[in-house]
Amino acid sequence: YPGTSILTDSDSFQDVVVKIERPTYPKPFLGGFKNRITGVEFHNAGSQTIPKKRPDKGNQLFCRETQTVFEKNKPQQTKNTTSTQMTKIGLYVSNMTDKLVSPGKYLTAEEYHKRRLEAVIVLQTYFRRWHAINVVQNLREEKRLRLAWEAQEELRKKKEKEEKLRREHERRLNPKTKDDFELLYNALELWRQEETERINRTLTGAERKAAFCGILEKEAQLIASIGRHKLNADEENQQKAILRFLDKCAQPKRWKAYDGKVTEMDTQYTLRARELFEIYRSVSMNDIPKDERIDVLLTLRRTVKEHECKLTWEIVELIDREVDLMSREVKECNLGGLRKRICTLFLQYIKTPKFNPEVARILKVPPDPLKLYKNVNFCHSCENYLPSTEFPVPANSCTIGRCHLCCKLDNEARRREAFLKYKLILENLRKSEADYQDDAKIVFLVQHQDLQYMIENIWGCQSALSACSDLYDLVMVRWDKQREWSPWNTILLTKDEADAHLKLRNLQKAYEAAFIHRIKHKHIRAKNYFAQIPAMTSFLHRSDNQANAN
């Protein structure tokens, strides 16, 4: 420890021991000065007593130093010394530029705030006027757009109705499909019922019997007329069906890759089928020049001569006969029967798997008889063995009944019902369910007979909301769109009502309790009807589990 002497009295000194602690950290620079003559530097020094240590309690403590800067802004006004000079004896100060200032009316705080409030009210008045003008203009524009949309919708519905009536009229004048003839027989039955009611209401005795005989005769004439239309339509549809059949055989193989692209591949069999299809289409064409017809016949002759059999010999013989008759300038109207025989035999040639292997994949009757036995059923009405695709299988059927043709004949002879509207509703329902992409299955098990029962017996052939009874404007949609469609999760509405219903998020808030109770009652009736069907049992249990989970 170094020592130093301290002056205690005027002439005495005392030695004192000074304890110096060397800090472990570098000394901070606190400023200083330098002697410019000697060059010696003098630094400012500082001292700090040792802080008091806290007692050790045995716990490990962690601390973190923080420093917050406190800032304060305060305006300062510096002094500005001014002076004034007044007129006095010996000094004249001009007052030409002086102004006379008189005090105004004193404005209290209450009056000041009152003026500000009045000014704010004026501003609010003008702003609200401007806002009201904008709101009214927006409402007018929305009203104009709404009226224009309603007029457009009304015009669209009117056009759709006119187009529907035009199509129905065209169907009745020129029937071509099974549905068209169903509509004709249904219209005939409605006419017969109306005439029967009119006769029973107005006539009696012999006049009534004579009127019934007249109705019977007229009905027979109408049925004969419908039969003639059916023969013409069958002939036209048969040719179209043949072309569709051959085109299906000639289609290349298609499959979808992982990236969504469709790949097509032609095999030797599809190329052969396409070649035969082109030849058949050329052979069946009418009103072509003589030279082209001869070229087509020669091409057909070379094609069938590749295989030697009784069928090909007959085709070659008929081709030679037609070429010979054409060389003798025989009229084309006299060659119609011969050309039809050639087309028929060539079609038989195309349908033979030995000559066209690709056709074996599409034929209804497979070449191997063992395959035929696996999927064949007996129709007790016409007593024919037919594939299972020829039988209607409603969801509530337990056995195989009559085939499609027998059901159609029975309907034409007895009830004469039109199922087109129910088929359209079922088709639209299946399309909408396929768009959900949630693996719906029940809708594809239900047939149009089941849908007809639901619409007629459960829903009363009318919309649940508006009671609209036009079945062409009605659709079936999900009652709860979070669950798949089923007879116990559906509602019958018009198209516009269905669009609005599917946008709802909470059915309990959107509909009244009485309406929901009525819909639930219809669902229970449908569930009781379809619970008798074994195929629906598993779906009933699954829907109950989903409802309990929800």
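Whether a residue is open to solvent by 100 Å² or more (accessible area, probe 1.4 Å), out of contact with any Gly (no Cβ under 7 Å at 6 or more places or on another chain) and either not aromatic (Phe, Trp, Tyr) or not assigned by the TED database to the domain that holds HIS229 (or both) was assessed, and ARG144 passes this test. Of all the criteria given as (1) at pLDDT 90 or above; (2) open to solvent by 40 Å² or more (accessible area, probe 1.4 Å), the one not satisfied by PRO534 is (1). Considering the conditions (1) of a type in the set (Lys, Arg); (2) over 37 Å from the mean Cα position of the chain (by Cα); (3) modelled with pLDDT of 90 or more, LYS159 is excluded by exactly one of them, (2).
Is it true that some residue in the stretch 224-232 is in a loop (DSSP other than H, G, I, E, B) and open to solvent by 90 Å² or more (accessible area, probe 1.4 Å)? Checked against the condition, which is being in a loop (DSSP other than H, G, I, E, B) and open to solvent by 90 Å² or more (accessible area, probe 1.4 Å), the stretch 224-232 yields no hits at all. Residues in the stretch 261-290 that are surrounded by fewer than 16 Cβ atoms within 10 Å (Cβ to Cβ) and in a loop (DSSP other than H, G, I, E, B): LYS261, ASP266, THR267, MET285, ASN286, ASP287, ILE288, PRO289. Among the residues of the stretch 465-495, just one is under 20 Å from GLU153 (Cβ atoms), open to solvent by 60 Å² or more (accessible area, probe 1.4 Å) and either within 15 Å of the chain's Cα centre (by Cα) or β-branched (Val, Ile, Thr) (or both), namely LYS495. In the condition set (1) in contact (Cβ under 8 Å) with a residue 12 or more places away in the chain; (2) closer than 30 Å to LEU190 by Cα, TYR269 is compliant with all but (2).
With respect to (1) over 30 Å from MET86 (Cβ atoms); (2) free of Cβ contacts under 8 Å to residues at least 24 places away in the same chain, the lone exception for PHE181 is condition (2). All of (1) free of Cβ contacts under 8 Å to residues at least 60 places away in the same chain; (2) assigned to a helix (DSSP H, G or I) hold for GLU329 with one exception: (2).
Scanning the stretch 496-519 for residues that are open to solvent by less than 90 Å² (accessible area, probe 1.4 Å) and under 21 Å from TYR453 (Cα atoms) yields ALA498, ILE519. Restricting attention to the stretch 401-457 and to residues that are assigned to a loop (DSSP other than H, G, I, E, B) and touching a Cys at 6+ places or on another chain (Cβ under 9 Å), the residue that is farthest from GLU219 (Cα to Cα) turns out to be GLY401. Looking at the stretch 107-125, can you tell me whether even one residue there is modelled with pLDDT under 90 and more than 30 Å from ILE226 (Cβ to Cβ)? Yes, the stretch 107-125 contains a residue that is modelled with pLDDT under 90 and more than 30 Å from ILE226 (Cβ to Cβ). In the stretch 166-182, which residue that is modelled with pLDDT of 85 or more and surrounded by 18 or more Cβ atoms within 10 Å (Cβ to Cβ) is farthest from LYS423 (Cα to Cα)? That would be PRO175. Residue selection: GLU168 fails the criterion of being in a helix (DSSP H, G or I) and farther than 30 Å from LEU188 by Cβ.
The rows are residues; the columns are (1) touching a residue at least 40 places away in the same chain (Cβ under 8 Å); (2) part of a helix (DSSP H, G or I); (3) surrounded by fewer than 14 Cβ atoms within 10 Å (Cβ to Cβ).
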position: GLU292; (1), (2), (3): no, yes, yes
position: LEU298; (1), (2), (3): no, yes, yes
position: HIS307; (1), (2), (3): yes, no, yes
position: LEU318; (1), (2), (3): no, yes, no
position: VAL323; (1), (2), (3): no, yes, no
position: GLY336; (1), (2), (3): no, yes, yes
position: ILE342; (1), (2), (3): yes, yes, no
position: TYR349; (1), (2), (3): yes, yes, no
position: LYS354; (1), (2), (3): yes, no, yes
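The listed residues are GLU236, GLU189, GLU197, and the only one of them that is exposed (fewer than 12 other Cβ atoms within 10 Å of the Cβ) and touching a residue at least 24 places away in the same chain (Cβ under 8 Å) turns out to be GLU236.
Sub-6 Å Cβ pairs linking a first residue in the stretch 482-500 that is under 15 Å from GLU427 (Cα atoms) to a second residue that is open to solvent by less than 10 Å² (accessible area, probe 1.4 Å) and among the basic types (Lys, Arg), at least 6 apart or interchain, are TRP485/ARG478, ordered by first then second residue.
Does ASP410 satisfy being open to solvent by less than 70 Å² (accessible area, probe 1.4 Å) and not assigned by the TED database to the domain that holds ALA187? So ASP410 passes the test. Scanning the stretch 402-428 for residues that are touching a Pro at 6+ places or on another chain (Cβ under 9 Å) and without any contact (Cβ under 8 Å) to a residue 24 or more places away in the chain returns ARG402, HIS404, CYS407.
The values are calculated or read from the model by the stated rules, or taken from the named source; none is laboratory data. None of the values given here were measured: they were computed from a predicted structure. Note that each Cβ is placed from the backbone with ideal geometry, even for glycine, and that neighbours are counted across all protein chains shown. Keep in mind that these areas ignore ligands, DNA and RNA; they rest on the heavy atoms of the full protein, side chains included. Shrake-Rupley method; radii C 1.70, N 1.55, O 1.52, S 1.80 Å.
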